[in-house]
Amino acid sequence: MDYKKEIQHLVELVINGNASDIHLAEGRHPFIRVAGVLIPIVKREKTTSTEMQGYINEFLNENNKVLLQKDRDVDFSYSLDDSRFRGNIYYRQGVLSIALRFIPKKIKTLEELNLPPIIETFTRKQQGFFLVVGPIGQGKSTTLASLIEMINQTRSEHIMTIEDPIEYVYESKRSIIDQREIRTDTPDFKNGMISMFRQDIDVCLLGEMRDIDTISTAVTAAETGHLVFSTLHTNNASQTINRIIDSFPPGQQDQIRIQLAGSLTGIFSQRLIPRISGGLIPAYELLINNNAVANLIREKRIHEISTVIETSSNEGMIDMNRSLAELVRSGEITTESAYLNSFDPKILDRLI
């Protein structure tokens, strides 16, 4: 079987169906995810173990094959013609499965993504720490790519991305963009970040903050004249700040509070919600780190940050409930969807 040709057929299904993901597994029909919903491709036969091995031989290099056998799962990226995927191969009950996320070649603008223009201001900072957060599959990587591409088009900077694996591929425009993949170009996020200090970097995109060493190095980079973008799998701004601080031992938490209060520029939380007209549309929360927020972080009053967001729309902050209510009023999403995605449905009651 020509597995490149088979993958090309799957790519066509994704593009024609406006899908985001492909799932392949031994003993199952292929599935694609469209607007958040998994759909079986019943016209295709169930995937056999031989076919799974053929896909793996196409997707993985020899090093990743060794990692798959050692760790029982492995992350990878894969390009075919103009299509690109971020993938994970893993074992389940002793048999193989593959999850592929489609990465569009074209990096969309904030307007095309239906995101608020104010987050463009964070691309004009000379230094600081900006986070895009939310659960898996909510468009965080796409939002970050849009911001990095905006810098690429408007500023002459040296941009470094450190990713596992590389997702969007950038073409240097006004900026120089170097992209490093974990295991291929650098052993891990920590080493990649430390090396950055010797590489004359202005802007860094850190694919994920996975451990205390990476978080600490990222915050230090933001303090020392770098503009750092990254992501966490957290729900909102308050939870994100708590997650960062709680990652450190008690004896180090006061120090990281001070560092975070001084280096954080903002936190953008987003959800992709089914649109009444079809597809997905984002709802979002934006925290801007002003003096009041910085004081709350230093004074261990992070629980009060949500109130600051709710009452600071005049400064550009965006409350998730107001974002949801506006989408309901404009006929973009259902009331039920709004309540399902609200952090505080009681407050949403007053806005809808």
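Every number in this text was worked out from the coordinates using simple rules, so none of it is lab data. These figures come from a predicted structure and were not determined experimentally. In this analysis, Cβ positions are derived from the backbone assuming ideal geometry, glycine residues included, and neighbour counts consider all displayed protein chains.
Overall, the chain carries a charge dipole of about 360 debye about its Cα centre when +1 sits on the Cβ of Lys and Arg and -1 on the Cβ of Asp and Glu, all other atoms neutral. Length available on full extension from Asn16 to Ile41: 0.36 nm per residue minus the Cα-Cα distance, which gives 7.7 nm.
Report relative contact order for region 117-351 in percent, whole number only (criteria: Cα-Cα under 8 Å, sequence separation at least 6).
Values: 407 pairs, mean separation 46.7, N = 235.
Relative CO of region 117-351 lands at 20 percent.
Identify, among Leu280, Pro250, Asn61, the residue whose Cα sits farthest towards the positive end of the charge dipole of the chain, taking +1 on the Cβ of Lys and Arg and -1 on the Cβ of Asp and Glu, with the dipole about the Cα centre. Result: Leu280, furthest along the dipole toward the positive end.
Pick out, from Pro30, Ser306, Gln259, the residue whose Cα sits farthest towards the positive end of the charge dipole of the chain, with +1 on the Cβ of Lys and Arg and -1 on the Cβ of Asp and Glu. Of the options given, the answer is Pro30. Applying 1/(1 + (r/R0)^6) with r as the Cβ-Cβ distance of Tyr90 and Asn63 and R0 = 22 angstrom yields a FRET efficiency of 0.80.
Compare the peptides 234-245, 43-54 by average per-residue count of other Cβ atoms within 10 angstrom and give them in order, highest first.
Packing order, densest peptide first, comes out as 234-245, 43-54.
When the chain is described by a simple charge dipole with +1 on each Lys and Arg Cβ and -1 on each Asp and Glu Cβ, the residue from Val95, Ser337, Tyr78 located farthest towards its positive end is Ser337. State which entries of Lys46/Lys108; Lys5/Lys65; Lys105/Lys173; Lys140/Lys173; Lys4/Lys43 exceed 25 angstrom in Cα-Cα distance in the structure shown. Beyond 25 Å between Cα atoms: Lys46/Lys108. Over the chain, the fraction of Cα-Cα pairs per 20 Å bin, rounded to whole percents and listed from the shortest bin up, is 28, 57, 15, 0.
If the chain linking Ala292 and Arg243 were pulled fully straight, counting 0.36 nm for each residue of separation and taking away their Cα-Cα distance, it would gain 15.6 nm.
Relative to the globular-protein estimate of 2.2 N^0.38 Å, the Cα radius of gyration of region 1-107 stands at 1.01.
Could you sort 247-254, 289-296, 261-268 so that the peptide with the highest average Cβ count within 10 Å comes first and the rest follow in order?
In decreasing order of mean packing, 247-254, 289-296, 261-268 become 261-268, 289-296, 247-254.
Taking every C-alpha pair closer than 8 Å and separated by at least 6 residues, the mean separation divided by the residue count of region 1-132 gives a relative contact order of 19 percent.
With R₀ fixed at 45 Å, the C-beta to C-beta distance from Gln8 to Thr224 puts the FRET efficiency at about 0.45.
Label positions at Ile136 and Ile118, each projected 7 Å from the Cα along the C-beta direction, are separated by 3.1 nm. Taking the Cα centre of region 154-202 as reference, the dipole from Cβ charges on Lys and Arg (+1) and Asp and Glu (-1) amounts to some 160 debye.
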